[in-house]
Amino acid sequence: MIFSSTAHVIDIIDNLPAANGEVKNQAYARQNQLTKPPGSLGKLETIAVWMAGWQGVEKPVINNGQCLVFAGNHGVVAQNISSFPAEVTGQMVANFAAGGAAINQLCDEANLKLTVTDIELDRPTHDLSQGPAMTEDDVLEAMNIGAAQIAEDCDFIVVGEMGIGNTTAAAALCMARFGGDAPRWVGPGTGLDDDGVAHKAKIIEQAIDTQGKTDANPVALLAGFGGRELAAIAGAVLAARMRSIPVILDGFISTAAAAALTADGKLDALDHTVISHMSAEPGHLRLAVALRKQPLIDLGMRLGEASGGAVATLIIRAALATHNGMATFAEAGVSEG
Ligand SMILES: Cc1cc2ncn([C@H]3O[C@H](COP(=O)(O)O)[C@@H](O)[C@H]3O)c2cc1C
Ligand SMILES: O=C(O)c1cccnc1
C-alpha cells in the first residue's frame, strides 16, 4: 500500500521529484545536432526531450509500456445523465477481456500491455448530486489499486477508464476544482441531446450546491465527485510520478481524474503527464487550458478507454525513433547551416 491517509497523499504531492534537467538539456542538444533543420520535427522534438527528462536518459525508450484501464460504476446514473444504462460498464469489461473493444486493437497496434481493472462494479458510488460519492477511505483504497497496477519494469504509462455516467463525475470534479458554471463543463458524453445536456448541467449544479466546492485536497475532491475508476487513475498517475515514469492522460475523464492531484493550485503535480488528444467532449478544451497543457493530437475522438492515449503512443514512438535513430551532422558528414 502506497497511500495510507489523506495527509500522506498531500505530503507526497508536496515533495514530488522533478524531471532530470541535465539529461533534458542533453536531449535538447542532441535534437539540435541531428540531420534536420533545428525545430523541424516540431512537437516530435519536444515530446522526445520531455520523455528524456522523466526517464533520466538521453535516449528514452518505450520497452515496457503499459495501458492501465480502470472501471467503476456511478450512483448518479439514477439521475438519467447518460444515454446508456449502468450495466454497460460491466459488459464492456467483459468485452475488454474478450479482446473486442477499441482499446484492445489500439494497444496491439501501439505495443502496449493492457491491464483492465474493474473496481467493485456491484457497489456503485453514491449519487454525487445528493452528497459525497465516496468516503476518503474508499478513495485511498482505489488510489492504491491504481498504483498497484504499475509493473516493476514499466517505463511508460497510458491511463484510461470505463464507467457509465463518468462524464458527469468528471464535469462535477472540474467545476469543484476550477469553478465556472456547470454548462462550461458538461457535454453530450455518450450522446445526450441538448435537453439531456441541460439536465446534466442542473444535476452538476445540484452537486456543487449540496457539497460545496470540495477542492481542499485531492482525496476530498475525488470523494466528493469521483468514481472509483477516477480515484484509481489519480493513484496510478501519482505513483508513476514517484518513480519518474512518464504518463499519457487520455480524454476528458482521465484528465479530470488526474486534475484532482492539482488541488490547492499544484499544477506541477502533472508535469510528468501529457494529454494525448483533444476530446470532442467540450469540457476537455477548458480543462486543458486550466492545466496549461496542449493535447498532442486532435482527431475528434470522444470514446475514453485510453483509446486516444494508445493512438498518441504511436506518435510518441515516432518521436523516439527519430530522436534515437537519426545521425548527427558530424556522423553523417552533412554540412550545418
Ligand atoms: C459501448 C460503450 C463503450 C465505451 N467505452 C468508453 N465509453 C465511455 O463512455 C462513458 C462515459 O459517458 P457517459 O457519461 O455519457 O455515460 C464511459 O464509460 C467512457 O469511458 C463507452 C461508452 C459506451 C456506451
Ligand atoms: O473524452 C473522454 O474521455 C470521453 C468523452 C465521452 C465519453 N467517454 C469519454
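Nothing in this text is a laboratory measurement; each read-out follows from the coordinates by a stated rule. This one's a predicted model, so the numbers in the text were calculated from it and none came from an experiment. Neighbour counts run over all protein chains shown; Cβ positions are idealised from the backbone, glycine included.
Using amide H atoms built in the peptide plane, which far-off residues or other-chain residues are under 5 Å from ALA280 H to H?
The answer is MET301, ARG302.
How far, in nm, would the chain grow between GLN130 and ASN111 when pulled straight, counting 0.36 nm per residue and subtracting the alpha carbon separation? If you can, show how the numbers build up before the last one.
Numbers: separation 19, 0.36 × 19 = 6.84 nm, distance 4.24 nm.
Length difference between fully extended and current span is 2.6 nm.
Would you calculate the volume per residue, in Å³, of the smallest convex hull containing every Cα atom of the range 63-316?
Details: hull volume 26.1 nm³, N = 254.
Dividing the Cα hull volume of the range 63-316 by its residue count gives 103 Å³.
Taking the chain as a Gaussian network, Cα atoms linked when under 10 Å apart, which of ALA201, ALA257, ALA216 shows the biggest mean-square fluctuation?
Looking only at ALA201, ALA257, ALA216, the largest GNM fluctuation is found for ALA216.
Where does each of ARG241, ARG30 land when they are ranked from fewest to most other beta-carbon atoms within 10 angstrom?
Values: ARG241 23, ARG30 19.
Fewest-to-most ranking of ARG241, ARG30: ARG30, ARG241.
Pairs of Cα atoms under 8 Å, at least six residues apart: use those to get the relative contact order of the chain, whole percent. Can you show the working numbers first?
Working: 702 pairs, mean separation 82.4, N = 337.
Taking the mean separation of contacting Cα pairs over the length of the chain, I get 24 percent.
Loop-only GluC sites (Glu not before Pro) in the range 125-219, please: DSSP not H, G, I, E or B, and at most 13 other Cβ atoms within 10 Å. Before the final figure, lay out each step's value.
Details: sites: GLU136, GLU141, GLU152, GLU161, GLU205; in loops: GLU152.
Hits after loop and neighbour filter: GLU152.
Using the Cβ atoms and a cut-off under 11 Å, what net charge is assigned to the surroundings of THR35, where Lys and Arg are +1 and Asp and Glu are -1? Display every interim value, and only then the final one.
Working: positive: LYS36; negative: GLU331, GLU336.
Its environment carries a net charge of -1.
Pick out which of SER129, SER254, SER40 has the largest mean-square fluctuation in a Gaussian network model of the chain, springs linking Cα atoms closer than 10 Å.
Top of the fluctuation ranking is SER40.
What ranking do CYS154, CYS174 get, fewest neighbouring Cβ atoms within 10 angstrom at the top?
Lowest to highest Cβ neighbour count: CYS154, CYS174.
On a full-extension model of 0.36 nm per residue, what is the gain between ARG243 and THR35, subtracting their alpha-carbon distance, rounded to one decimal in nm?
Working: separation 208, 0.36 × 208 = 74.88 nm, distance 3.31 nm.
Separation in residues times 0.36 nm, less the Cα-Cα distance, equals 71.6 nm.
What's the center-to-center distance, using Cα atoms, between the range 258-326 and the range 10-76 in Å?
Here the two parts' Cα centres lie 12 Å apart.
Of the trypsin sites (Lys or Arg not before Pro) in the range 141-236, which ones lie in a loop per DSSP and count no more than 15 other C-beta atoms within 10 Å?
On the way: sites: ARG177, ARG184, LYS200, LYS202, LYS213, ARG228; in loops: LYS213.
Those satisfying the criteria are LYS213.
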